[in-house]
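Below is one structure, written out as structure tokens, with a few remarks after it.
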Amino acid sequence: MLKELETASRVICQRLRQRPYQKGVTITAWNAVIDQLLDGRRYGAFSWHKAVETEVHRYIGELDEATKRKIWESSEDAAIIPNADLDTITDCLYPHVFQATLPRIHRAVRNRERKEGEQMD
């Protein structure tokens, strides 16, 4: 995986670990994401996808132009939209950064599932 996408994945997951899923509640967005993916447990109207989406968009907004272009150039979209301007690139980065983040989230779900299985033994 492209180093910039690996960094994005790590940072987004760290932010989810630090952010409460809702104001005034102790559970983090990260734990709420894992719980929801693991067994469908929901905390109010919380959506794991929306929580990750928020952090991905925030992260993309903070990237410098060179990093955005590097991620863009590594994607198939760069061949479909050659010479894209920075606004187009920024608008199109979401799926690439989101997809890079999913394996890290799914690893965490599998690890939680494994740990819970060990506790039941």
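The values are calculated or read from the model by the stated rules, or taken from the named source; none is laboratory data. Keep in mind that this is a model prediction, so the values were computed, not measured. So basically every Cβ, Gly included, is an ideal-geometry build from the backbone, and we count neighbours across all protein chains shown. Keep in mind that these areas ignore ligands, DNA and RNA; they rest on the heavy atoms of the full protein, side chains included. Shrake-Rupley method; radii C 1.70, N 1.55, O 1.52, S 1.80 Å.
Scanning the range 19-49 for residues that are β-branched (Val, Ile, Thr) and surrounded by 18 or more Cβ atoms within 10 Å (Cβ to Cβ) yields 33, 34.
Taking the criterion of being within 19 Å of residue 53 (Cα to Cα) and open to solvent by 50 Å² or more (accessible area, probe 1.4 Å), the residues of the range 73-103 that qualify are 87, 91, 95, 99, 103. Take residue 16 and decide whether it is touching a Ser or Thr at 6+ places or on another chain (Cβ under 8 Å), on the phi < 0 side of the Ramachandran plot, in contact (Cβ under 8 Å) with a residue 12 or more places away in the chain and open to solvent by less than 60 Å² (accessible area, probe 1.4 Å). The answer is yes for residue 16. Among the residues in the range 53-66, are any over 16 Å from residue 8 (Cβ atoms), of a type outside the set (Gly, Ala, Ser) and at pLDDT 90 or above? No; the residues of the range 53-66 include none that is over 16 Å from residue 8 (Cβ atoms), of a type outside the set (Gly, Ala, Ser) and at pLDDT 90 or above. With respect to the conditions (1) open to solvent by 20 Å² or more (accessible area, probe 1.4 Å); (2) of a type outside the set (A, V, I, L, M, F, W, C); (3) without any contact (Cβ under 8 Å) to a residue 60 or more places away in the chain, residue 70 falls short on a single one, namely (3).
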